[in-house]
Every structure is written in structure tokens, then in C-alpha cells.
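Student: To start, I am sharing the structure in question, which I have written as C-alpha cells.
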Amino acid sequence: MATTPRSRVVTTVLATALTLVATLMGSAWSQAAYAGTDLVFTQPVEDYADYQPQTTCNRKLRPGVRLLADHLVLRGGGRGGIFRACKGSSVSEHKESRAFDWMLDATKKKDRQLARAFLDEIFAPDADGNPHALARRMGIMYIIWNDRQWSSYRNFKPKDYLPSSCTSRKKCSKTARHRDHVHISLTRKAAKGQLSWYVAQHSD
Ligand SMILES: [Zn+2]
């Protein structure tokens, strides 16, 4: 009779230890995946994505955009939206469920570092010297963060960003300036998870 409670304790301790190991392994795997160094790419790096503006309305969540959103949130920051209601005339890839808002605060150093580390990783050349390798493999069309925009169709050269609804930065909200989130738009193929970065994640 005395062994039952003790074995229960042992089982509980073991379960806790296993959960901890799994958590640590999970975080190690995620870190490796971010850098892209441990990913095995079976396809060559994709060309720079062309501009594919939103033309329809689609609420369906596809695997690529969800995978990228999950990876970003694992690094830190918060989960913003993917789909946005289609009313209004503004063009937004959110209306086609192929954009993600990664919630970071540009007034906080830690958040600026998170954004910087991500941009540095995806814009770095790969071992073969392909520039912006991971950004191309992820099918990123453009990123807007903290008054700046990086677009695949401009070879990701940073450009000052001010939305057309704002006459100056001073009169512009932190959301419109993208100082409270990083906006990431993906191509249609990327949103579906059909590019090399997404395929490599699945084959892990
Ligand atoms: Zn957005």
C-alpha cells in the first residue's frame, strides 16, 4: 500500500522532468529554425517576390502564414491579427489572410532588438552568398516597422515609411507608423506554405 503514493510521486516528478526537457528541446529547436542554419533546404533559394496586392477577400487561414506567425511569437512579442474584415477600399494583404502583425513596441529596447535580430537573420546572405536568403525563402513581400519599409521588389532596401493617411509623423498614430507592431506581407504561395522555408520546417 505504501508504494502507491510513492510511485505516484515518482511518476509526477518524472512527468515534470520530461515536460521540462521537452520545453527546453522545443525552444532549442525553435532557435535553430529561426537562424535557418539547421534547416535542410532541398530547393534553391527563390527569386525576390513580386508585388501581389490584395484583390479578393479570404478569411481562410493557410499553413504558411500560420507557421511564420507561430515562429515569430515564440521569439517574443505578441500575436496580432492575420485576417481583417474586407470593408473599406484600402488594399491590405490582411484581407486575403496573408499578412501577420507581430506585436512589438518600438519604445522598448528589448522589442527593437527582437525586430532587429529577425531582420538581420532574414536579410543575411546564405553560405552560397545569396543575399536576403531567408526573406526570399519565406516569400516575404514587404515588412513595415517603426517608420520603415523593406520590400522584396526593391531588393529589401530600407525606405522611410509614412502612410498616405498621415501628413507628418507627428500627426500619425503609433499604429499607422507601425511602432506598435511589425507588419509582414507574404506572397500567395508563401501563405500556403509552398516555398522552401516552409517545406524545410515541415520536414524537420
Ligand atoms: Zn498588418
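Student: Please work out which one of (1) surrounded by 14 or more Cβ atoms within 10 Å (Cβ to Cβ); (2) outside any helix (DSSP H, G or I); (3) of a type in the set (Val, Ile, Thr) is the condition VAL73 fails and give its number.
Tutor: (2) is the only condition that VAL73 fails.
Student: Need the failing condition index for GLN52 against (1) touching a strand residue (DSSP E or B) at 6+ places or on another chain (Cβ under 8 Å); (2) modelled with pLDDT under 80, just the number.
Tutor: (2)
Student: Here is a further query. Taking the residues in the range 82-98 that are within 12 Å of the ligand (Cβ to nearest atom) and among the hydroxyl-bearing types (Ser, Thr, Tyr) as candidates, determine which candidate is farthest from the chain's Cα centre (by Cα).
Tutor: Filtering first and then ranking leaves SER90.
Student: Filter the range 51-62 down to the residues that are under 17 Å from ALA135 (Cα atoms) and surrounded by 13 or more Cβ atoms within 10 Å (Cβ to Cβ) and list them by number.
Tutor: Of everything in the range 51-62, just one residue is under 17 Å from ALA135 (Cα atoms) and surrounded by 13 or more Cβ atoms within 10 Å (Cβ to Cβ), namely GLN52.
Student: Please report, ordered by residue number, the helices (runs of 4 or more DSSP H) entirely within the range 98-204 with at least 1 residues that are out of contact with any strand residue (DSSP E or B) (no Cβ under 6 Å at 6 or more places or on another chain), basic (Lys, Arg) and touching a residue at least 40 places away in the same chain (Cβ under 8 Å).
Tutor: 133-137, 188-191
Student: Mind checking which residues of the range 65-81 are closer than 14 Å to LYS189 by Cβ and away from the ligand (no atom under 16 Å from the Cβ)?
Tutor: If the condition is that a residue be closer than 14 Å to LYS189 by Cβ and away from the ligand (no atom under 16 Å from the Cβ), then LEU67 is the only one that fits.
Student: Tell me which residues, restricted to the range 116-154, are aliphatic (A, V, I, L, M) and within 14 Å of the ligand (Cβ to nearest atom).
Tutor: ILE140, MET141, ILE143, ILE144
Student: What residue, among those in the range 82-111 that are of a type in the set (Lys, Arg) and surrounded by fewer than 16 Cβ atoms within 10 Å (Cβ to Cβ), is nearest to SER185 (Cα to Cα)?
Tutor: Checked the range 82-111; the qualifying residue nearest to SER185 (Cα to Cα) is LYS87.
The values are calculated or read from the model by the stated rules, or taken from the named source; none is laboratory data. Please read these numbers as outputs of a predicted model, since none were measured by experiment. Cβ coordinates were reconstructed from backbone atoms using ideal geometry, including for glycine residues, and neighbour counts include every protein chain displayed.
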